[in-house]
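> Structure provided below as structure tokens; questions to follow.
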Amino acid sequence: MSTLRHFLTLADLSANELRGLLDRAIELKDLHRRGRHYEPLRGRVLAMIFEKSSTRTRVSFEAAMAHFGGHAIFLSHRDTQLGRGEPVEDSARVLSGMADLVTIRTYGHDTVERFAEYSRVPVINALTDLHHPCQLLADLQTFRELRGPLQDRTVTWVGDGNNMCHSYLEASRMLDFDLRIACPEGYEPDAEILASAPRAAIVRDPREAAAGADLVVTDVWASMGQESEQGDRVGAFTDYQVDSTVMEAAGSEALFMHCLPAHRGEEVSAEVIDGPRSAVWEEAENRLHAQKALLERLLVSDHEG
Ligand code: CP
Ligand code: NVA
């Protein structure tokens, strides 16, 4: 009998499972590019709850379910009873009686944890204020395809110690790479998550943090839910733009990634994001392939365990 698996943070996989999933994502991408039909989720239903906006996450999950022969239902908080205050626990019991899997994008991480506690089917975190593990699958796949394993390499995070930074911290611990974080004072990652990543360190200066790095990553200065802080954050993050001087400090083979959406002229210069070392479009496409590997692992018995 299979046990119920959720994917609320990257650490819900073992390091070996994570490596296997990245390899599988690359295989599934190849199958897709060759136009091969593979429908392991025929008749299966994915319910997708979104309490925040999304382009990539929504479309990649919907497309993945369509390719896999299943069906996805988009549930906006504007139209569901959850959005009108129906308890998370009740919504979990009801939805998991009808769907085979649920994705949730919400604010507090405790919401996905509570949902998972009451769900009879796997739950995937499609972004919370604390973690964005699905994005990490795509980022890690992209690096693996373009440069090989991340083990013993150096990743530089420039900007806010936010949900993406937290998921990079988990990845650093699981895949054994150095993570240097350049963030302004007051915008550090969660202390507990930082402490759990032995190869991570705060290096304030972006150029110092990027010296010799294999990958430079950034994200928006104000995440969803922080719109009212935008003005203060623009002031605090002025010196934290990934521009050509930051990329020059990194190795000549260094890649640039950003989960998107991006703000040219704020966290990244147009020259970098639209330049030759930017892998952002491959990274965005890989959301599809990496999440297919995740859906397969959570729902197809050959890939359990
Ligand atoms: N990177 C990402 O999660 O994009 P969306 O907000 O468009 O889903
Ligand atoms: N840190 C960003 C990521 C968006 C995909 C946010 O939470 O808004």
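What follows draws every value from the coordinates through simple rules; no lab data is involved. Every value quoted in this text rests on a predicted model; they were computed, and no experiment measured them. Positions of Cβ are generated from backbone atoms using ideal geometry, with glycine treated the same way; all protein chains shown enter the neighbour counts.
> Quick one: in the stretch 152-196, of everything that is within 16 Å of Trp221 (Cα to Cα) and of a type in the set (A, V, I, L, M), which residue is surrounded by the fewest Cβ atoms within 10 Å (Cβ to Cβ)?
The residue in question is Ala182.
> Which of the residues belonging to the stretch 212-241 are of a type in the set (Phe, Trp, Tyr) and touching a strand residue (DSSP E or B) at 6+ places or on another chain (Cβ under 9 Å)? It would help to see each step written out before you state the result.
Let us first name the residues in the stretch 212-241 that are of a type in the set (Phe, Trp, Tyr), namely 221, 237, 240.
Passing the criteria: only Tyr240.
> While we're looking at this one, here's another question. Give the number of residues within the stretch 9-39 that are assigned to a loop (DSSP other than H, G, I, E, B), under 15 Å from Leu136 (Cα atoms) and not hydroxyl-bearing (Ser, Thr, Tyr).
1
> Can you pull out every residue in the stretch 91-120 that is assigned to a loop (DSSP other than H, G, I, E, B), buried (at least 17 other Cβ atoms within 10 Å of the Cβ) and out of contact with any helix residue (DSSP H, G or I) (no Cβ under 8 Å at 6 or more places or on another chain)?
Ala99
> If only one of Gly159, Gly148, Gly186 is touching a strand residue (DSSP E or B) at 6+ places or on another chain (Cβ under 9 Å), small (Gly, Ala, Ser) and farther than 30 Å from Ala92 by Cβ, which one is it? Write out each step before concluding.
Working: Gly148 fails: touching a strand residue (DSSP E or B) at 6+ places or on another chain (Cβ under 9 Å); Gly186 fails: touching a strand residue (DSSP E or B) at 6+ places or on another chain (Cβ under 9 Å).
None of the others qualify; the one that does is Gly159.
> Could you check the stretch 140-214 for helices (runs of 4 or more DSSP H) lying wholly inside it with 1 or more residues that are under 25 Å from His289 (Cβ atoms)?
Helices (runs of 4 or more DSSP H) meeting the threshold: 163-175.
> Right, next: Restricting the stretch 204-225 to residues that are under 23 Å from the mean Cα position of the chain (by Cα) and surrounded by fewer than 19 Cβ atoms within 10 Å (Cβ to Cβ), which is farthest from Thr156 (Cα to Cα)?
Gly225
> For the stretch 93-108, what are the residues that are within 12 Å of ligand 2 (Cβ to nearest atom) and of a type outside the set (Phe, Trp, Tyr)?
Once the filter is applied, which keeps residues that are within 12 Å of ligand 2 (Cβ to nearest atom) and of a type outside the set (Phe, Trp, Tyr), the stretch 93-108 yields Arg105, Thr106.
> Wholly within the stretch 234-305, which helices (runs of 4 or more DSSP H) include no fewer than the required count, namely at least 3 residues that are within 21 Å of the chain's Cα centre (by Cα)? Working first, answer last.
Values: elements: 244-249, 270-273, 280-299.
Passing ranges, in order: 280-299.
> Picking from Ser76, Ser60, which residue would you name as being of a type in the set (S, T, N, Q) and either more than 30 Å from Lys29 (Cα to Cα) or within 16 Å of ligand 2 (Cβ to nearest atom) (or both)?
Going through Ser76, Ser60 in turn, just one is of a type in the set (S, T, N, Q) and either more than 30 Å from Lys29 (Cα to Cα) or within 16 Å of ligand 2 (Cβ to nearest atom) (or both): Ser60.
> I'm trying to understand the selection: among the residues of the stretch 40-53, which are assigned to a loop (DSSP other than H, G, I, E, B) and surrounded by fewer than 18 Cβ atoms within 10 Å (Cβ to Cβ)?
Pro40, Arg42, Gly43, Lys52, Ser53
> Got a number for residues in the stretch 1-33 being under 12 Å from Arg297 (Cα atoms) and of a type in the set (Gly, Ala, Ser)?
3
> So how many residues does the stretch 29-57 have that are away from ligand 2 (no atom under 16 Å from the Cβ) and either free of Cβ contacts under 8 Å to residues at least 12 places away in the same chain or of a type in the set (Phe, Trp, Tyr) (or both)?
Of the residues in the stretch 29-57, 8 are away from ligand 2 (no atom under 16 Å from the Cβ) and either free of Cβ contacts under 8 Å to residues at least 12 places away in the same chain or of a type in the set (Phe, Trp, Tyr) (or both).
> Here's another thing I want to ask about it. Could you list, in sequence order, all residues of the stretch 226-269 that are small (Gly, Ala, Ser), under 21 Å from Thr142 (Cα atoms) and exposed (fewer than 12 other Cβ atoms within 10 Å of the Cβ)?
Within the stretch 226-269, Ser252 is the sole residue that qualifies.
> From Glu145, Glu51, which residue is of a type in the set (D, E, K, R) and in contact with a His (Cβ under 6 Å, 6 or more places away or on another chain)?
Glu51
> Determine if the stretch 68-90 includes at least one residue that is closer than 30 Å to Pro149 by Cβ and either away from ligand 1 (no atom under 16 Å from the Cβ) or touching a helix residue (DSSP H, G or I) at 6+ places or on another chain (Cβ under 8 Å) (or both).
Kept after step one, since they are closer than 30 Å to Pro149 by Cβ, are these residues of the stretch 68-90: 68.
Filter again for either away from ligand 1 (no atom under 16 Å from the Cβ) or touching a helix residue (DSSP H, G or I) at 6+ places or on another chain (Cβ under 8 Å) (or both), leaving 68.
So far as the stretch 68-90 goes, yes, one or more of its residues are closer than 30 Å to Pro149 by Cβ and either away from ligand 1 (no atom under 16 Å from the Cβ) or touching a helix residue (DSSP H, G or I) at 6+ places or on another chain (Cβ under 8 Å) (or both).
> Same structure again: Before we move on, is Ser60 assigned to a helix (DSSP H, G or I) and within 16 Å of ligand 1 (Cβ to nearest atom)? If you could, list the steps in order and put the result at the bottom.
Details: assigned to a helix (DSSP H, G or I): yes; within 16 Å of ligand 1 (Cβ to nearest atom): yes.
It is true that Ser60 is assigned to a helix (DSSP H, G or I) and within 16 Å of ligand 1 (Cβ to nearest atom).
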